[in-house]
Amino acid sequence: MQHVEEQKFVDLDSIAARLDDAALTASAVPQLEAGLTLDQAYEIQSRSLARRHSRGERRIGIKMGFTSRAKMAQMGVSDMIFGRLTDRMLIEAGVPVSISRFVHPRVEPEVAFLLKGPLSGRIDPMTAMAAVAAVAPALEIIDSRYENFKFSLTDVVADNSSSSGLVIGPWADPAIDLGNLGMLMEIDGAARQIGSTAAILGHPVFSLVAAARLTAERGEPLVAGDIVMAGGATAAEALAPGHYVRLSVERLGVVAFIVGD
Ligand code: OOG
Ligand code: MG
(Lines give C-alpha, C1' and ligand atoms only; values in the text may rest on other atoms or scores of the structure.)
(Ligands and ions follow the chains in the order given, each with its own letter.)
Protein backbone atom coordinates (compact mmCIF):
# COMPACT_ATOMS: atom_id res chain seq x y z
CA MET A 1 0.00 0.00 0.00
CA GLN A 2 1.32 3.42 -0.88
CA HIS A 3 1.79 5.79 1.97
CA VAL A 4 0.38 9.19 1.18
CA GLU A 5 1.75 11.89 3.36
CA GLU A 6 -0.89 14.15 4.77
CA GLN A 7 -0.24 17.69 3.53
CA LYS A 8 -1.49 20.32 5.90
CA PHE A 9 -3.11 23.35 4.25
CA VAL A 10 -0.92 26.41 4.69
CA ASP A 11 -2.26 29.84 3.82
CA LEU A 12 0.85 31.21 2.12
CA ASP A 13 -0.78 34.55 1.27
CA SER A 14 -1.74 35.33 4.82
CA ILE A 15 1.75 34.46 6.12
CA ALA A 16 3.27 36.66 3.38
CA ALA A 17 0.96 39.51 4.43
CA ARG A 18 1.81 39.04 8.12
CA LEU A 19 5.57 39.18 7.47
CA ASP A 20 5.28 42.08 5.04
CA ASP A 21 3.20 44.06 7.56
CA ALA A 22 5.74 43.29 10.28
CA ALA A 23 8.53 44.71 8.09
CA LEU A 24 6.44 47.73 7.08
CA THR A 25 5.46 48.63 10.64
CA ALA A 26 8.75 47.49 12.27
CA SER A 27 6.98 45.20 14.71
CA ALA A 28 8.05 41.69 15.70
CA VAL A 29 5.88 38.61 15.10
CA PRO A 30 6.09 35.08 16.53
CA GLN A 31 7.96 32.41 14.59
CA LEU A 32 5.90 30.44 12.06
CA GLU A 33 4.35 27.10 12.87
CA ALA A 34 6.80 24.25 12.31
CA GLY A 35 6.40 21.99 9.30
CA LEU A 36 6.72 24.45 6.46
CA THR A 37 8.73 23.15 3.48
CA LEU A 38 11.57 25.15 1.93
CA ASP A 39 9.49 25.47 -1.27
CA GLN A 40 6.65 26.99 0.73
CA ALA A 41 9.07 29.33 2.52
CA TYR A 42 10.45 30.67 -0.78
CA GLU A 43 6.89 30.99 -2.10
CA ILE A 44 5.97 33.12 0.93
CA GLN A 45 9.10 35.23 0.32
CA SER A 46 8.13 35.76 -3.31
CA ARG A 47 4.53 36.70 -2.37
CA SER A 48 5.71 39.14 0.28
CA LEU A 49 7.96 40.75 -2.37
CA ALA A 50 4.96 41.02 -4.71
CA ARG A 51 3.31 43.17 -2.03
CA ARG A 52 6.37 45.46 -1.92
CA HIS A 53 6.36 45.74 -5.73
CA SER A 54 2.67 46.65 -5.69
CA ARG A 55 3.61 49.58 -3.40
CA GLY A 56 6.12 50.75 -6.02
CA GLU A 57 9.34 49.16 -4.74
CA ARG A 58 11.73 48.07 -7.49
CA ARG A 59 13.89 44.92 -7.54
CA ILE A 60 17.63 45.72 -7.38
CA GLY A 61 19.13 42.27 -6.83
CA ILE A 62 19.58 39.65 -4.16
CA LYS A 63 21.52 38.93 -0.96
CA MET A 64 23.07 35.64 0.02
CA GLY A 65 22.88 34.36 3.59
CA PHE A 66 24.92 31.93 5.68
CA THR A 67 27.91 31.88 3.36
CA SER A 68 30.38 32.01 6.26
CA ARG A 69 30.97 29.82 9.32
CA ALA A 70 30.73 32.87 11.57
CA LYS A 71 27.19 33.65 10.41
CA MET A 72 26.07 30.01 10.56
CA ALA A 73 27.40 29.72 14.10
CA GLN A 74 25.82 32.99 15.28
CA MET A 75 22.36 32.09 13.97
CA GLY A 76 22.40 28.29 14.30
CA VAL A 77 21.49 27.77 10.65
CA SER A 78 23.76 25.97 8.23
CA ASP A 79 22.21 26.07 4.75
CA MET A 80 22.85 28.82 2.24
CA ILE A 81 19.81 30.97 1.51
CA PHE A 82 18.96 34.07 -0.50
CA GLY A 83 16.66 37.04 -0.11
CA ARG A 84 15.42 39.72 -2.49
CA LEU A 85 16.56 43.36 -2.41
CA THR A 86 14.52 46.41 -3.40
CA ASP A 87 15.41 50.07 -3.95
CA ARG A 88 13.72 51.01 -0.65
CA MET A 89 16.43 49.04 1.18
CA LEU A 90 19.28 51.04 -0.38
CA ILE A 91 20.79 53.43 2.13
CA GLU A 92 22.54 56.47 0.82
CA ALA A 93 25.91 57.06 2.45
CA GLY A 94 25.85 60.28 4.47
CA VAL A 95 22.11 60.25 5.16
CA PRO A 96 21.44 58.95 8.69
CA VAL A 97 19.37 55.78 8.61
CA SER A 98 16.47 55.98 11.04
CA ILE A 99 16.46 53.12 13.56
CA SER A 100 12.68 53.39 13.80
CA ARG A 101 12.42 51.65 10.41
CA PHE A 102 13.64 48.42 12.03
CA VAL A 103 12.70 45.99 14.80
CA HIS A 104 16.18 45.06 16.12
CA PRO A 105 18.67 45.79 13.36
CA ARG A 106 22.19 44.37 13.11
CA VAL A 107 25.01 45.18 10.72
CA GLU A 108 27.50 42.88 9.03
CA PRO A 109 30.52 43.30 6.73
CA GLU A 110 30.10 42.08 3.17
CA VAL A 111 31.19 42.61 -0.41
CA ALA A 112 28.81 43.30 -3.29
CA PHE A 113 28.90 42.38 -6.96
CA LEU A 114 27.29 44.45 -9.73
CA LEU A 115 26.33 42.38 -12.76
CA LYS A 116 26.67 43.46 -16.39
CA GLY A 117 25.12 40.27 -17.74
CA PRO A 118 22.70 37.51 -16.70
CA LEU A 119 23.76 34.47 -14.66
CA SER A 120 21.61 31.41 -14.29
CA GLY A 121 21.94 27.82 -13.17
CA ARG A 122 25.13 25.84 -12.64
CA ILE A 123 28.11 27.95 -13.68
CA ASP A 124 31.81 28.01 -12.84
CA PRO A 125 33.64 30.89 -11.10
CA MET A 126 35.20 32.10 -14.39
CA THR A 127 31.79 32.43 -16.00
CA ALA A 128 30.48 34.17 -12.88
CA MET A 129 33.31 36.75 -12.85
CA ALA A 130 32.89 37.43 -16.58
CA ALA A 131 29.41 38.78 -15.80
CA VAL A 132 30.64 41.15 -13.06
CA ALA A 133 30.88 44.86 -13.90
CA ALA A 134 32.25 45.96 -10.51
CA VAL A 135 32.78 44.94 -6.89
CA ALA A 136 32.39 47.03 -3.73
CA PRO A 137 32.76 46.95 0.04
CA ALA A 138 29.27 46.80 1.51
CA LEU A 139 27.44 46.82 4.82
CA GLU A 140 24.23 44.89 5.21
CA ILE A 141 21.61 45.84 7.80
CA ILE A 142 19.67 42.72 8.67
CA ASP A 143 16.50 42.81 10.72
CA SER A 144 14.57 39.68 11.53
CA ARG A 145 10.85 40.26 11.87
CA TYR A 146 10.72 37.43 14.43
CA GLU A 147 10.74 38.04 18.16
CA ASN A 148 14.22 37.90 19.73
CA PHE A 149 15.84 37.49 16.29
CA LYS A 150 15.16 33.73 16.59
CA PHE A 151 14.17 31.59 13.61
CA SER A 152 14.41 28.27 11.79
CA LEU A 153 15.72 27.95 8.24
CA THR A 154 12.22 28.09 6.72
CA ASP A 155 11.19 30.97 9.03
CA VAL A 156 14.08 33.15 7.87
CA VAL A 157 13.59 32.31 4.17
CA ALA A 158 9.88 33.24 4.44
CA ASP A 159 10.98 36.53 6.08
CA ASN A 160 13.03 37.45 2.99
CA SER A 161 16.20 36.27 4.74
CA SER A 162 16.11 39.27 7.10
CA SER A 163 16.74 41.71 4.21
CA SER A 164 16.23 45.26 5.35
CA GLY A 165 19.04 47.58 4.31
CA LEU A 166 22.30 47.82 2.42
CA VAL A 167 24.99 50.45 2.01
CA ILE A 168 27.29 50.06 -0.98
CA GLY A 169 30.76 51.61 -1.02
CA PRO A 170 32.67 52.78 -4.11
CA TRP A 171 32.48 50.38 -7.04
CA ALA A 172 35.91 48.97 -7.90
CA ASP A 173 37.56 47.10 -10.74
CA PRO A 174 36.29 43.48 -10.83
CA ALA A 175 39.83 42.36 -11.75
CA ILE A 176 40.79 42.87 -8.06
CA ASP A 177 41.10 39.39 -6.55
CA LEU A 178 38.55 39.15 -3.74
CA GLY A 179 40.09 35.91 -2.46
CA ASN A 180 41.64 37.10 0.80
CA LEU A 181 41.15 40.79 1.59
CA GLY A 182 41.29 42.04 5.17
CA MET A 183 38.06 43.49 6.58
CA LEU A 184 37.67 45.77 9.58
CA MET A 185 34.23 46.82 10.85
CA GLU A 186 34.27 49.61 13.43
CA ILE A 187 31.48 51.17 15.46
CA ASP A 188 32.22 54.65 16.81
CA GLY A 189 35.90 54.15 16.05
CA ALA A 190 36.29 50.89 17.97
CA ALA A 191 37.10 47.67 16.10
CA ARG A 192 34.10 45.33 16.43
CA GLN A 193 34.70 42.67 13.77
CA ILE A 194 37.92 41.78 12.01
CA GLY A 195 37.91 39.25 9.22
CA SER A 196 38.70 38.39 5.66
CA THR A 197 36.74 37.98 2.45
CA ALA A 198 38.13 34.42 2.49
CA ALA A 199 35.59 33.65 5.24
CA ILE A 200 32.89 33.85 2.55
CA LEU A 201 32.95 30.29 1.16
CA GLY A 202 36.74 30.45 0.76
CA HIS A 203 36.29 33.17 -1.89
CA PRO A 204 33.24 35.43 -2.42
CA VAL A 205 32.97 34.33 -6.06
CA PHE A 206 31.52 31.05 -4.77
CA SER A 207 28.67 33.06 -3.25
CA LEU A 208 27.91 34.48 -6.69
CA VAL A 209 28.08 30.97 -8.18
CA ALA A 210 25.60 29.76 -5.55
CA ALA A 211 23.37 32.81 -6.11
CA ALA A 212 23.10 31.98 -9.83
CA ARG A 213 22.02 28.42 -9.03
CA LEU A 214 19.65 29.13 -6.13
CA THR A 215 17.82 32.01 -7.82
CA ALA A 216 17.41 30.02 -11.05
CA GLU A 217 15.95 27.14 -9.02
CA ARG A 218 13.28 29.57 -7.78
CA GLY A 219 12.53 30.88 -11.27
CA GLU A 220 14.06 34.32 -10.78
CA PRO A 221 17.58 34.21 -12.27
CA LEU A 222 20.12 37.01 -11.96
CA VAL A 223 19.99 39.71 -14.63
CA ALA A 224 22.25 42.54 -15.80
CA GLY A 225 22.13 45.43 -13.33
CA ASP A 226 21.55 43.19 -10.33
CA ILE A 227 23.45 43.73 -7.10
CA VAL A 228 24.46 40.51 -5.34
CA MET A 229 25.45 40.76 -1.67
CA ALA A 230 27.90 37.92 -0.92
CA GLY A 231 26.93 37.40 2.74
CA GLY A 232 28.42 38.43 6.08
CA ALA A 233 32.09 37.53 6.56
CA THR A 234 31.79 37.79 10.37
CA ALA A 235 29.04 37.71 12.98
CA ALA A 236 26.65 40.69 12.92
CA GLU A 237 26.64 43.55 15.47
CA ALA A 238 23.55 45.17 17.01
CA LEU A 239 22.83 48.78 16.01
CA ALA A 240 21.75 51.67 18.25
CA PRO A 241 20.93 55.34 17.57
CA GLY A 242 24.03 57.47 17.18
CA HIS A 243 26.24 54.63 15.98
CA TYR A 244 28.76 55.45 13.28
CA VAL A 245 29.51 52.21 11.42
CA ARG A 246 32.53 51.98 9.15
CA LEU A 247 33.85 49.06 7.13
CA SER A 248 37.17 49.07 5.36
CA VAL A 249 38.06 46.30 2.97
CA GLU A 250 41.67 46.00 1.84
CA ARG A 251 42.11 47.29 -1.74
CA LEU A 252 38.36 48.02 -2.12
CA GLY A 253 38.01 50.99 0.22
CA VAL A 254 35.60 52.22 2.84
CA VAL A 255 31.84 52.30 3.33
CA ALA A 256 30.13 53.92 6.31
CA PHE A 257 26.81 55.13 7.65
CA ILE A 258 25.25 56.79 10.68
CA VAL A 259 22.28 55.47 12.66
CA GLY A 260 19.68 58.13 13.48
CA ASP A 261 16.67 58.06 15.84
C1 OOG B 1 19.73 35.93 8.10
C2 OOG B 1 20.45 36.57 6.97
C3 OOG B 1 21.88 36.06 6.82
C4 OOG B 1 24.17 36.70 5.92
O5 OOG B 1 24.90 37.57 5.42
O6 OOG B 1 24.61 35.58 6.23
C7 OOG B 1 22.75 37.03 6.12
C8 OOG B 1 20.08 36.53 9.44
O9 OOG B 1 21.18 36.31 9.93
O10 OOG B 1 19.20 37.19 10.03
O11 OOG B 1 22.36 38.10 5.72
MG1 MG C 1 24.02 39.45 5.16
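The values are calculated or read from the model by the stated rules, or taken from the named source; none is laboratory data. Being a predicted model, the structure only gives us computed values, none of them experimental. Every residue, glycine as well, gets a Cβ built from its backbone with ideal geometry; the counts of neighbours run over all protein chains shown. Each accessible area value is taken on the protein alone, full model and side chains, heavy atoms only, with ligands, DNA and RNA left out. Shrake-Rupley method; radii C 1.70, N 1.55, O 1.52, S 1.80 Å.
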Quiz item: Which shape class applies to the range 61-131: rounded if a/c is under 1.5, otherwise prolate when a/b exceeds b/c and oblate if not, where a ≥ b ≥ c are the square roots of the Cα gyration tensor eigenvalues?
Solution: oblate
Quiz prompt | Heavy-atom SASA rank of PHE257, PHE151 (probe 1.4 Å, accessible area, largest first) | solution = PHE151, PHE257
Quiz item: Classify the range 72-182: rounded, prolate or oblate, from the alpha-carbon gyration tensor (a ≥ b ≥ c, eigenvalue square roots; a/c under 1.5 rounded; otherwise prolate if a/b is larger than b/c)?
Solution: oblate
Quiz item: Taking all pairs of different Cα atoms in the chain, averaging 1/r and flipping that mean, what Kirkwood radius in angstroms comes out?
Solution: 18.4 Å
Quiz prompt | Gap separating the Cα centres of the range 30-80 and the range 143-201, nearest whole Å | solution = 15 Å
Quiz item: Got a sec? Charge dipole of the range 7-53, +1 on Cβ for Lys and Arg, -1 for Asp and Glu; which of ALA23, SER46, LEU12 is way out at the positive end?
Solution: ALA23
Practice problem: Run the accessible area of the chain with a 1.4 Å probe and give the carbon-and-sulfur part as a rounded percent. | Solution: 53 percent
Practice problem: Could you state the accessible area per residue of the chain in Å², with a 1.4 Å probe and every protein chain left in place? | Solution: 43 Å²
Quiz item: To the nearest 20 debye, what charge dipole does the range 158-261 have about its Cα centre, counting +1 at the Cβ of each Lys and Arg and -1 at the Cβ of each Asp and Glu?
Solution: 140 debye
Practice problem: Any chance you could get the radius of gyration and Dmax over the Cα atoms of the range 165-217, in Å? | Solution: 13.6, 42
Practice problem: Rank MET64, ILE258, ALA93 by how far each Cα sits towards the positive end of the charge dipole of the chain (+1 on Lys, Arg Cβ; -1 on Asp, Glu Cβ) and give me just the farthest. | Solution: ALA93
